[in-house]
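The structure appears below as structure tokens.
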Amino acid sequence: MTQGFEFTPAEREETLALYNKVKELIAPSLMEGDEERIRRVLHESLERNVLQRDVFGLNPILLGFQTARIVVEEIGLRRDAVLAILLRPGVEEGVLTIDAVRQEFGESVARILHGLQRIQELYKKNPVVESENFRNLLLSFAEDMRVILIMIADRVNLMRQIRDVMAEDGSRYEVRGARYDTGLRVSEEAAYLYAPLAHKLGLYKLKSELEDLSLKYLEHDAYYHIKEKLNATKAARDAYISDFIEPVKQKLEATGMRFHIKGRTKSIHSIWQKMQKQKCPFEGVYDLFAIRVIIDCPEQQEKMQCWQAFAIVTSMYQPNPKRLRDWLSVPKSNGYESLHITVLGPGQKWVEVQIRTERMDEIAERGVAAHWRYKGVKGEGGLDEWLTGIRQMLESSSGMEVMDQFKMDLYEDEVFVFTPKGDLYKFPKGATVLDFAYHIHSKIGNQCVGARINNKVVSLRQQLQSGDQVEIMTQTNQKPKQEWLSIVKTSRAKSKIRLALKETQQRDGLMAKEMLERRFKNRKVEVDESIMMHLIKRMGFKEVSSFYRQIAEGQLDANEVVDKYLEEKQKSTTVTGDNQARSAAEFQFDDALAGASAIGQADDVLVIDQNLKGIDFQLAKCCHPIYGDSIFGFVTSGGGIKIHRTDCPNAGELRRRYGYRVVKARWSGKGSSMYTITLRVVGNDDIGIVNNLTSIISKEERLMLRSINIDSHDGLFSGNLVVMIDDTTRLEALIRKLRTVKGVKQIQRI
């Protein structure tokens, strides 16, 4: 061996043993010349003296063989994955190139190595590994799923070796320096990144090992405390499980049922999580284990026999009704089926019992679609079926050939991009710089003029690509434009642009109105609103907002408007005391006085049944009336008027106690104002249901989603959608469309 990298006798012996073991396991998949070529590359890497021990002092070649054994024995990969693992150090140190690998070992091995390189480059961006988006980005960067599987195996192996090079009491781990800092990072990544990935792929054994080992280094005292407690109570726990199971077993056998019962102790990490969540000591975690009754019966008898077993268990042990989970009658949206009940066992100890059939257990244990979300890992729609397919491929030797052609398509409709600080965001494919800007903040979006993507200046129309690092450029004089709506892809950006445009139009309209009023004042003309409204209609404007917008944009000259007003006034037959002569039906209130409940130009009008000039009105917040609702007015103690819906929850009380203050009111004109309403939605917690609801809203004209608040519990969700809308006709149409969404059970306006 060359100076600087020398095998110890123990390392040489272990490497040779692993070499023979891995060779034996993958022998049927090896090609002629593979063994000689891989030996040559490893020898050349050692001769060039480019390979170095890592910060933990570990031998990279030995690490490679250890990882190779994991991917073969515990995951089921073969030749291409093993060769990629063994060649990886040489490729990273420049001993050979990806092209050379392609020529000597084939396209599949080269593709795996290329994927490993891409992810290594991704790590250099220093992203937040705890992010679910980062896990998804890793998946989208993996051209071949074996890349992700190798990374998981590699991290399991590294965590095992860190355990070996550190004293069991953690004393070497406490030494400050590069090893300490790297150990922390490696352990954190194992917990936050690799364990969830392993879980998603159904690699439950590796997932539990990663969680336990990372806990050992991140929470050393807690880990050994729980481990010692479990060891001390193992004999008693096994005896208790046996005492619990035996009478249940006898009762079930008496029915002629075919079944088996097993008890399992929770992992150290799982127990620690419960201690943290429940804020209790080890002794306070009563469900250290679960009893599982698994019934073997035809599918048509499943429910009957499960409930029969449930009846037997609960007749023997007192159940806790608050802890019953019936995913048998109504399976979880991910397909999980089982009966869970917590009962009071011998010695007054609570025990969780799970009752299911062989088929249900197969789905729960092997079908990632059910199990990973059952354990509380959140995910995206479509991942379930996709991951189940991967798992089936991995468990079938004949399916390994398919892996060579397997391409990631789950995230083909999504891109993941970074901020300059390394934060990671997810967008639909086709999203632009402007989408990114509005995702950060409305103000940044409104002032966006472009961006620097990977330090290259681009326009705000530039589409985003996975892995891009995006820095938004802004200018204070920039304003949202109507054409921006066709640039952005996300409904979030569209709604923010629409809102900004409306606010701009409203602001410009108010400025135009003030300017026109100054022109009238300068010419000492007192404005009669009825004549002004008549003039606006005669000029061809259906909406007052359009009239003021044209003044603001310079399409109409304010002085010409004053001249036309004077002409119109001269034509009109106005009489002295006009205010006294006008009927109540002509008295109009501008909707701009409605406050925060309405957004838009002041052109929706109300008719009040008395000629009360100068009295403001507001739309009541208790019932949020909108154009088209049947309404009435209520004179407040301050002299103003609150407008309520006739079906307002407070209407009966107001009429009963203050009938003398109730006045008639009705809508007399339709303008461009938009009003806030809240819809209460209840439905099944199916994958994608919320996206389907918001998608319908985002596609509607003159409609804006302001906020959404959803709560999910036991397979159902309920929540409020706050929407800006202009009238009841459009509201009724919207409710009809939302009711067509699969899974929606109830929609009502509140």
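The values are calculated or read from the model by the stated rules, or taken from the named source; none is laboratory data. Predicted model only: the values in this text are computed from it and were never measured. Note that each Cβ is placed from the backbone with ideal geometry, even for glycine, and that neighbours are counted across all protein chains shown. What goes into the accessible areas is simple: the full protein's heavy atoms, side chains included, and nothing from ligands, DNA or RNA. Shrake-Rupley method; radii C 1.70, N 1.55, O 1.52, S 1.80 Å.
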Problem - Where labels lie 7 Å past Cα in the beta-carbon direction, separation of Leu510 and Cys280 in nm - result: 5.7 nm
Practice task
Could I have the simple spin-label model distance between His441 and Asp557, label points 7 Å from Cα toward Cβ, reported in nm to one decimal?
Solution key: 4.4 nm
Fill in the blank from the handout: Heavy-atom accessible area of Leu556, protein chains in place, probe 1.4 angstrom, given in Å² to nearest 10, is 30 Å²
Handout entry: Residues of type lysines that Lys251 reaches as a straight line, Cα spacing below 27 Å, ignoring anything fewer than 8 places off in the same chain
Key = Lys234, Lys262, Lys266, Lys303, Lys322, Lys349
Handout entry: Karplus (6.51, -1.76, 1.60) ³J(HN,Hα), θ = phi - 60°, over the stretch 513-530, in Hz, Gly and Pro reported as x
Key = 5, 5, 5, 5, 4, 5, 4, 4, 5, 4, 9, 6, 10, 8, 8, 9, 4, 5
Handout entry: Distance (nanometres) between label positions extended 7 Å along Cα→Cβ at Arg48 and Lys737
Key = 6.1 nm
Completion exercise
dims of the stretch 458-573, Cα set, principal axes, largest to smallest, nearest Å -> 71, 26, 18
Handout entry: Per-residue HN-Hα couplings for the stretch 474-481 [Karplus 6.51, -1.76, 1.60; θ = phi - 60°; Hz; x = Gly/Pro]
Key = 10, 9, 5, 8, 6, 9, x, 10
Problem - Calculated FRET value between Arg452 and Ile708, using beta carbons and R₀ = 35 Å, to 0.05 - result: 0.60
Problem - Residue-span extension gain [Gln250 to Glu6] - 0.36 nm each, minus C-alpha spacing - result: 81.6 nm
Completion exercise
If the chain between Asn691 and Asp423 were fully extended at 0.36 nm per residue, the gain over the current Cα-Cα distance would be 94.1 nm
Practice task
For the stretch 432-488, list log₁₀ I(q)/I(0) at each q in 0.13, 0.22, 0.23 Å⁻¹, using the Debye formula over Cα point scatterers of equal strength and ignoring solvent, two decimals each.
Solution key: -0.26, -0.76, -0.83
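Take the Cβ-Cβ distance between Arg39 and Gln117 as r, set R0 to 30 Å, and report the resulting FRET efficiency rounded to the nearest 0.05.
E(calc), rounded to 0.05, equals 0.80.
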